[in-house]
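Trainee: The structure that follows is given in the form of structure tokens.
Here, each number is a calculation from the coordinates, and none is a lab measurement. Note that the structure is predicted; figures quoted are calculated from it, not measured. Quick reminder, even Gly has a Cβ in these numbers, built from the backbone with ideal geometry, and neighbours come from all protein chains shown.
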Amino acid sequence: QVQLVESGGGLAQAGGSLRLSCTASPGAAATYAMGWFRQAPGKDREFVARINRNEITRYADSVKGRFTITLDNDKDTVYLQMDNLKPEDAGTYFCVTGATTLRLDTGSGDYWGQGTQVTVSS
């Protein structure tokens, strides 16, 4: 099975920065597209950002200009640099992969990580 290992979550002040990373196990399938969703308590899961192996990116309107997603193709690792954090960015961030970009974009995905917590203080 595919294993996704996330790291980088933690506490930041509003206006601060965090960097998340997610690594798929070597030889993992269904990792053409990799990205992030997030979920705050009591709220629906929402799309944040994704990238595919052609380095085509997509961002939610709420994070564009503040978050940057990058991909190391050789290491099957995706990064999310989060700058100018806002309190509404807080939540659990889940790494997700898809065999196609569309499978990730639609929220179906193929494999999901366990999640990493992001807290933003006012």
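Trainee: Give me the orientation-averaged projected area of the Cα convex hull of the range 46-117, in nm², one decimal.
Mentor: Projected area, direction-averaged: 4.9 nm².
Trainee: Among the trypsin sites (Lys or Arg not before Pro) in the range 35-122, which ones are in a DSSP loop with at most 12 other Cβ atoms within 10 Å of the Cβ? Mind listing them?
Mentor: When the trypsin sites (Lys or Arg not before Pro) of the range 35-122 are filtered for loop state and at most 12 Cβ neighbours within 10 Å, K43, K64, K75 remain.
Trainee: 7 Å from Cα along Cα→Cβ at both S62 and L102: what's the point-to-point distance in nm?
Mentor: 2.6 nm
Trainee: Another question, if that's okay. If you add up the charges near V120, with Lys and Arg at +1 and Asp and Glu at -1, over every other residue whose beta carbon is less than 15 angstrom from its beta carbon, what do you get?
Mentor: Result for the neighbourhood of V120: +2.
Trainee: For the chain, list log₁₀ I(q)/I(0) at each q in 0.11, 0.19 Å⁻¹, using the Debye formula over Cα point scatterers of equal strength and ignoring solvent, two decimals each.
Mentor: Reported log10 I(q)/I(0), two decimals: -0.31, -0.95.
Trainee: K64: which lysines have alpha carbons under 19 Å from its alpha carbon, excluding same-chain residues fewer than 8 sequence positions away?
Mentor: Straight-line reach from K64, under 19 Å: K86.
Trainee: How high is the relative contact order of the chain, in percent, counting Cα pairs under 8 Å that sit 6 or more residues apart?
Mentor: After rounding, I find 36 percent.
Trainee: Among 77-87, 111-121, how do they line up from the highest to the lowest mean number of other beta-carbon atoms within 10 Å?
Mentor: The densest-packed peptide leads the list: 77-87, 111-121.
Trainee: A follow-up question, please. For the range 1-57, build the convex hull from the C-alpha positions and give me its volume per residue in Å³.
Mentor: Here the figure is 126 Å³ per residue.
Trainee: Okay, next question. Which GluC sites (Glu not before Pro) in the range 1-64 sit in a loop by DSSP (not H, G, I, E or B) and have at most 11 other Cβ atoms within 10 Å of their own Cβ?
Mentor: Counting only loop positions with at most 11 other Cβ atoms within 10 Å, the GluC sites (Glu not before Pro) in the range 1-64 are E55.
Trainee: Measuring from the lowest to the highest alpha carbon on each principal axis, how far does the range 82-122 reach, largest first, in angstroms?
Mentor: Answer, in whole Å and largest first: 38, 19, 13 Å.
Trainee: Please list, or write none, the aspartates and glutamates whose alpha carbon is within less than 18 Å of the alpha carbon of K43, excluding same-chain residues fewer than 8 places away.
Mentor: Candidates past the 8-residue exclusion: D61, E88, D89.
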